[in-house]
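Okay, structure first, notes after.
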Amino acid sequence: MGRHADTTAPRRPALLPLLAVGVVLLLAAGGVAWWLTASGGGCDTRQQVAVTVAPELGELAEELLAAPVELDGGVCAVAEVSTQEPLQTVGDLAALEAGALPDVWVPDSSLWVARAADAPLESVGSLASSPVVLATSRDVVESLGWEETAPGWGQALAGAQPLAVPDLATSAEGLAALGAVRTALGGGAEADNAVVQAVLAAERGPAVSVADALAAGRAGGADAPLVPVSEQEVYAANQDAEESALVAVYPAEGSPSLDYPVVRVGSASGERAAAVEATVRALTSEAARTAASAAGFRGPDGAAPRATDEGTGIRAEAPEPLELDPAEVQALLARLTSLAAPSRILAVFDVSTSMEAPVGGGTRATLARDAAKATLSLVPGDFALGLWVFAYQLDGGQDWAELVPIRELDADVGGRPQRDLLDEQLDSIPDRLTPGGTGLYDTTLAAVRAAREEYDPTAVNSVLVLTDGTNEDDGTGIGLDELLSTLRAEANPERPVKVIGVALGPDADLGALRQIAEATAGAAYSAVDPADLQTVLFDALRQRG
């Protein structure tokens, strides 16, 4: 994929970075036999079915759905598999038209289905399951005496061992682990307080990312952190290492599980409905469960993965199920989210004619619009966002124009929330494209100055610049060296404003964006692959210093 994030100064995302999972999949012989047998002869008509799965399921789903399946009348169902973080799919469900949504969705947890309660969703089965465990080194387990007596959730997460808490906004594992603490402590206000204290304690300690925590567990040592992850991730991490000390700890009260629900999105009829149903059958078949087992997942009933020897770091016996109430988990998330400082962001979008370049079924401009709208639906109401557009001499001799001033998303603006105004103006971006160059440097300096003038000391203040090109203003504006020196000279440690640059496509000047980010303690992202843009925007909007 083309996504790249370059953080040029030490940073700590709110509640730590996004969990990324790589799966090494070994399919058993005949694991896709159902699909292959059913595919028969030729296909007169190909009925496409869009399938979106959690990242760790990508390779598994592609193997299971690789071959067309023949339906009645020479029609074949052909699955198009894409991977996406479940929270981003939730955003799509809230913001995009039905035609842009998947037909089948397989997130890692039904917690996401509950969060997208207003969407037309129907859970129709489960592909696999994986209990949430605490990953750490074998040395930690031995030093804490957990080989003989397993700790409780509260004991483990509130103890002295370093803790890497996954980003609760995007990680079902992290949220499920804290929900398990709350449930183990009996629920109620005291349990909520204990969870909040554990998270804040982790935030006050040294910043430890999930990736670093797993690496420390693989390397061994009694100082390795604890990190809530799925059992399958422990299995996958150990498959990637020749020697590993990483093990799964199963708390005494039991574990909540990721249930990987197979979800039908919207309603289809006729041949399309038959194609969707064939895809659902493939994802819930015995062949699918066999293949998932080979990749380290448990069956929906908790049946052990195919391999559970010492080298995998997991055990054959399933932990006692610990049921979580999705409504209570969402309430807990809301409380934890309220503790984080909000962001105050001025978003600046390129509307030069190069944004007309075709991408998939649209253009770079429509791609930016859709990704921004979906991301906007995920941002908390206490975030403040404003919107500019820029090109070259867009407004008289000025390269930029303000579409929406910076306000909190829940702010009432003439009887309408700020969020709706932003959504409306984002819709207009494809119609605003203008010929000429791209006044990137003048616009960036103006945006930083504007954000500093409206600085909020209670928030993380930043400017997000999305462009698909380079600075082109025929020598009438400032150059890169002057921009960088001015940004450094005008920097105010009491009113810091960082620039987050997003380079869209291969022609964008990522090098310049990196230098601008470095001058402002910000970050630069590359979205060469159009499929990465929403992920990049979501990460960028939530980037913290």
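The values are calculated or read from the model by the stated rules, or taken from the named source; none is laboratory data. It should be emphasised that the depicted structure is a prediction, and the values quoted were computed from it without experimental measurement. Don't worry about glycine lacking a Cβ; one is built from the backbone with ideal geometry, like all the others, and counts go over all protein chains shown.
Tabulated values for the structure
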quantity	calculated
Within the range 457-545, strands (runs of 3 or more DSSP E) holding 2 or more residues that are over 20 Å from Asp399 (Cβ atoms) and modelled with pLDDT under 95	460-467, 523-527
Per-region count, the range 127-142, residues touching a Ser or Thr at 6+ places or on another chain (Cβ under 7 Å) and within 22 Å of Ala288 (Cα to Cα)	5
Filter pass, Val75 being within 19 Å of Arg281 (Cα to Cα), of a type in the set (Val, Ile, Thr), touching a residue at least 40 places away in the same chain (Cβ under 8 Å) and surrounded by fewer than 23 Cβ atoms within 10 Å (Cβ to Cβ)	yes
Residue in the range 223-246 that is within 27 Å of the chain's Cα centre (by Cα), assigned by TED's automatic domain parsing to the domain that holds Glu122 and part of a loop (DSSP other than H, G, I, E, B) present	no
Strands (runs of 3 or more DSSP E) enclosed by the range 64-182 - at least 3 residues per element that are of a type in the set (A, V, I, L, M)	75-83, 130-137
Residue within the range 458-475 that is farther than 26 Å from Ala371 by Cβ, surrounded by fewer than 20 Cβ atoms within 10 Å (Cβ to Cβ) and not small (Gly, Ala, Ser) present	yes
Identity of the residue in the range 390-416, touching a Leu at 6+ places or on another chain (Cβ under 7 Å) and closer than 22 Å to Asp370 by Cβ, that ends up surrounded by the fewest Cβ atoms within 10 Å (Cβ to Cβ)	Ala401
Residue that is surrounded by the most Cβ atoms within 10 Å (Cβ to Cβ) [pool: residues in the range 117-146 that are among the small types (Gly, Ala, Ser) and in contact with a Gly (Cβ under 9 Å, 6 or more places away or on another chain)]	Ala135
Residue in the range 368-382 that is assigned by TED's automatic domain parsing to the domain that holds Asp456, over 30 Å from Pro166 (Cα atoms) and crowded, with 19+ Cβ neighbours inside 10 Å present	no
Any hit, the range 424-431, residues being of a type in the set (A, V, I, L, M), under 25 Å from Asp92 (Cβ atoms) and at pLDDT below 95	no
Count - residues of the range 374-422 that are in contact with a strand residue (DSSP E or B) (Cβ under 7 Å, 6 or more places away or on another chain) and part of a strand (DSSP E or B)	23
Some residue of the range 367-376 being under 29 Å from Gly174 (Cα atoms) and without any contact (Cβ under 8 Å) to a residue 40 or more places away in the chain	no
Long-range neighbours under 6 Å by Cβ, at least six apart or interchain, first residue in the same structural domain as Ala275 (by TED's automatic domain parsing) and more than 9 Å from Thr83 (Cα to Cα) within the range 55-68, second of a type in the set (S, T, N, Q) and surrounded by fewer than 19 Cβ atoms within 10 Å (Cβ to Cβ)	Ala67/Ser39; Pro68/Ser39
Residue in the range 495-510 that is more than 26 Å from the chain's Cα centre (by Cα) and either surrounded by fewer than 19 Cβ atoms within 10 Å (Cβ to Cβ) or free of Cβ contacts under 8 Å to residues at least 12 places away in the same chain (or both) present	yes
Single residue of the range 355-367 satisfying the filter (surrounded by fewer than 24 Cβ atoms within 10 Å (Cβ to Cβ) and of a type in the set (Gly, Ala, Ser)) that is modelled with the highest pLDDT	Ala357
One residue from Ala207, Ala198, Ala216 being buried (at least 18 other Cβ atoms within 10 Å of the Cβ), under 25 Å from the mean Cα position of the chain (by Cα), at pLDDT below 85 and not basic (Lys, Arg)	Ala198
Residue check for Ala316: touching a helix residue (DSSP H, G or I) at 6+ places or on another chain (Cβ under 9 Å) and under 30 Å from Arg182 (Cβ atoms)	no
Neighbours by Cβ (under 8 Å, 6+ apart or cross-chain): first from the range 234-248, hydroxyl-bearing (Ser, Thr, Tyr); second part of a loop (DSSP other than H, G, I, E, B) and surrounded by fewer than 20 Cβ atoms within 10 Å (Cβ to Cβ)	Tyr235/Ala307
Residue count for the range 511-532, restricted to those that are small (Gly, Ala, Ser) and free of Cβ contacts under 8 Å to residues at least 60 places away in the same chain	2
Count of the range 247-260 residues which are in a strand (DSSP E or B) and within 22 Å of Gln155 (Cβ to Cβ)	5
Tabulated pairs, the range 130-147, first within 17 Å of Val165 (Cα to Cα), second among the acidic types (Asp, Glu), C-beta under 7 angstrom, 6+ apart or interchain	Pro131/Glu231; Val132/Glu173; Val133/Glu231
